[in-house]
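I have placed the structure first, in the form of structure tokens, so that the comments after it can refer back to it.
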Amino acid sequence: MVGAKPIWSDLSFEIGPGEFAAVLGPNGAGKSTLLKAILGLLPLASGTLKVLGTSPAEARPRIGYLPQRRHFQADLRVRGIDIVGLGLDGDRWGLPLPRLIRPSAQRQRAAVIDEMIDLVGATAFARRPIGELSGGEQQRLLIAQALVRRPQMLMLDEPLDSLDLPNQAAVAALIADVSHQTTITVVMVAHDVNPILAYLDRVVYLAGGAGLAGPPSEVITAETLTRLYGTPIEVLHSARGPVVVVGQPDLTGVHGHQHGGHRHP
């Protein structure tokens, strides 16, 4: 509930360690509100929410968070490796000065940063200015920044927004690999399910003040989405696996990619 307005109700779900889950739904369905509740920034009007076995506020230090996509100016000269390092000490004023850090601590810090950069496949370009990098390269480094404190849970708010289709697929595959290799629980808000569907373990689908949760094969079906939206929805599977959801009447804002009046989730 935001103010006196209920956003959704009767929502029940569980996401296990190492699972990759997506929060889906039309604009205004409460996807970002759910993330804020998980982070302990918004209280529930009713019900309970446990995160990493405790309250959201107590779990927050163990959560890595990547907000909606930032845009770096093309002439920004800060190196990608320094952007990642801000995840360790960005709460302090300015970039850390090596001469003020003990040599042992400096080596440990550098090792952790290099490990996270390698984990996201960014070693080849991490020492270049961030403004010179492509959107996909920048997003890899921002994911490394969110991971550098070794969280138990990673929250991503529309990390594929503004990326082209090849980079969307590459970043989705990367996030799935990180989740499964490290047993980090990943919760991603997404506007388009197609680039990530093959990698998901669980879906939380919000619409019309209600929600459905479960494996993608159980949630993204004509029967369940028709029930959720209260209007007929058809789910079509192409030969390569993407799902197309078509609603009649048109579901304005369902997922924002419109072709000939049909909308793709």
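The values are calculated or read from the model by the stated rules, or taken from the named source; none is laboratory data. Quick caveat, the model's predicted, so the values are computed rather than measured. Note that we place each Cβ from the backbone using ideal geometry, even for glycine, and neighbour counts take in every protein chain shown.
Checked against (1) aliphatic (A, V, I, L, M); (2) in contact with a Ser or Thr (Cβ under 9 Å, 6 or more places away or on another chain); (3) touching a residue at least 40 places away in the same chain (Cβ under 8 Å), I117 meets all criteria but (3).
The residue that is nearest to G209 (Cα to Cα), among those in the stretch 31-67 that are of a type in the set (A, V, I, L, M) and assigned to a helix (DSSP H, G or I), is L34.
Restricting the search to the stretch 26-39, which residues are within 14 Å of the chain's Cα centre (by Cα) and among the small types (G, A, S)? S32 - this is the single residue of the stretch 26-39 that is within 14 Å of the chain's Cα centre (by Cα) and among the small types (G, A, S). Residues that are among the β-branched types (V, I, T) and at pLDDT 80 or above within the stretch 76-109 comprise V78, I81, I83, V84, listed in sequence order.
Residue-level check: of (1) in contact with a strand residue (DSSP E or B) (Cβ under 8 Å, 6 or more places away or on another chain); (2) closer than 21 Å to V186 by Cα, R127 misses just (2).
Each row is one residue, and each column tells you yes or no for (1) free of Cβ contacts under 8 Å to residues at least 40 places away in the same chain; (2) under 11 Å from the mean Cα position of the chain (by Cα); (3) buried (at least 18 other Cβ atoms within 10 Å of the Cβ).
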site: E132; (1), (2), (3): no, no, no
site: Q145; (1), (2), (3): no, no, yes
site: Q152; (1), (2), (3): no, no, no
site: S162; (1), (2), (3): no, no, no
site: L165; (1), (2), (3): yes, no, no
site: V178; (1), (2), (3): no, no, yes
site: I184; (1), (2), (3): no, no, yes
site: R202; (1), (2), (3): no, no, yes
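Counting only strands (runs of 3 or more DSSP E) that sit wholly inside the stretch 143-226, those with at least 1 residues that are within 25 Å of V84 (Cα to Cα) are 153-157, 185-189. Residues that are within 27 Å of Q181 (Cα to Cα), over 16 Å from the mean Cα position of the chain (by Cα) and modelled with pLDDT of 90 or more do not occur anywhere in the stretch 66-75.
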